[in-house]
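S.K.: Let me begin by handing over the structure; questions about it come next.
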Amino acid sequence: MRRLGIAVVTAVAVAAALTAAGLAQDVKGRRHRVTIAGLQFTPADVVADPGDTVEWVNRDLVPHTVTARDGSWDSHGLAENATWEMHITDSTVGDYFCQYHPTMHGRLVIRRR
Amino acid sequence: MRKREVVLGVLVAMLALSSVSWGQSPAALNDLEIAHVAYTVDNSDIRYAHLALAVSKNPTVRAFAETMIRDHTAVNDRALALLKKLKVQPQANAVSQQLLDQSDQVVDQLRQLSGRAFDQHYARNELSYHHAANELVEKTFIPKIENPEMKALFREALAIFKTHEQHAQRMVDTVALQR
């Protein structure tokens, strides 16, 4: 019974530590917002550090996607006022576009230190 | 067969909105009549897009058609919601009837085409249709509309349809290069 109690306390402590670590990561990274309006990504270029988060919010009345030019990531359809976010890593940077409106372009750039 | 398709393609191009000689001046329409014309223009393009999805196997054409259905439906839904809020109904008029008749002719002509001939003429029709509709909305309808919410919606829709026009130009260029 005592062993079970220790196991439960340990599991709770580990979960809390992981959660705290996740939160810490969120707090550590900056958030960037890209507004989709008038069929444009604004700002078109986002310069970010690995661990930052980029959030896209669609203010147009028609749906859009945020899709990597190389196909490695994709928000899929975002309806009006929908948001989508992505953590920045070395592999998520590069050009992106809207699959529904291929004339819409944006770019994620890793900050060089 | 090829010669027949070329002739039909020319006929489709001649039926584009830009070649219309209006029986009633669009500049003489009131807000509710303009709303009816805009709804008709949207629905005609949705109709062409459904035909394209039924006929074409070209991924460029199909993707464009799916976007037209998605976007024009969204704009129409917003327009209908605004009219409901304002407690008014769009008013049928001679201009929208003329557009409906023209749309019937375009669909009849496109139905007689297939393969590359269909793709090319669908693409060209979309380009000329959006160009003419954008001119009509920007130069005639927006300055004329009195209701501020309706004017704002038309401005928002115009930005969408101008992007469609650019997209249609890319589709024309892409289809022309394909064999």
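Any read-out appearing in this document is the output of simple, stated calculations on the displayed coordinates, not a laboratory observation. Because the structure is a prediction, the values reported are computed rather than measured. Cβ: placed from backbone, ideal geometry, glycine included. Neighbour counts: every protein chain shown.
S.K.: Using helices alone, I'd like the mean residue ellipticity at 222 nm for chain B: each DSSP H run of four-plus residues gives -39500 (n - 2.57), total over residue count, nearest 500.
M.R.: -26500 deg cm²/dmol
S.K.: Under the rule a/c < 1.5 gives rounded, and otherwise a/b versus b/c splits prolate from oblate, where does segment B:19-82 land using the Cα gyration tensor?
M.R.: The shape class here is oblate.
S.K.: What does the average come to when, for each residue of peptide B:70-77, you count the partner chain Cβ atoms lying within 10 Å of its Cβ?
M.R.: Rounded to a whole number, the mean comes out at 3.
S.K.: Turning to a different aspect of this structure: Got the relative contact order for segment B:47-179 handy, in percent, Cα pairs under 8 Å and 6 or more residues apart?
M.R.: Normalised by residue count, the contact order of segment B:47-179 is 33 percent.
S.K.: What is segment B:74-118 by shape, rounded, prolate or oblate, if you read a ≥ b ≥ c off the alpha carbon gyration tensor as root eigenvalues and call it rounded for a/c under 1.5, prolate for a/b larger than b/c, and oblate otherwise?
M.R.: Oblate, because a/c is 1.5 or more while a/b does not exceed b/c.
S.K.: Okay, moving on. Once you order the gyration tensor axes a ≥ b ≥ c over the Cα atoms, which shape class does segment B:93-179 get: rounded for a/c under 1.5, otherwise prolate or oblate by comparing a/b with b/c?
M.R.: It is oblate, given that a/c is not under 1.5 and a/b is not larger than b/c.
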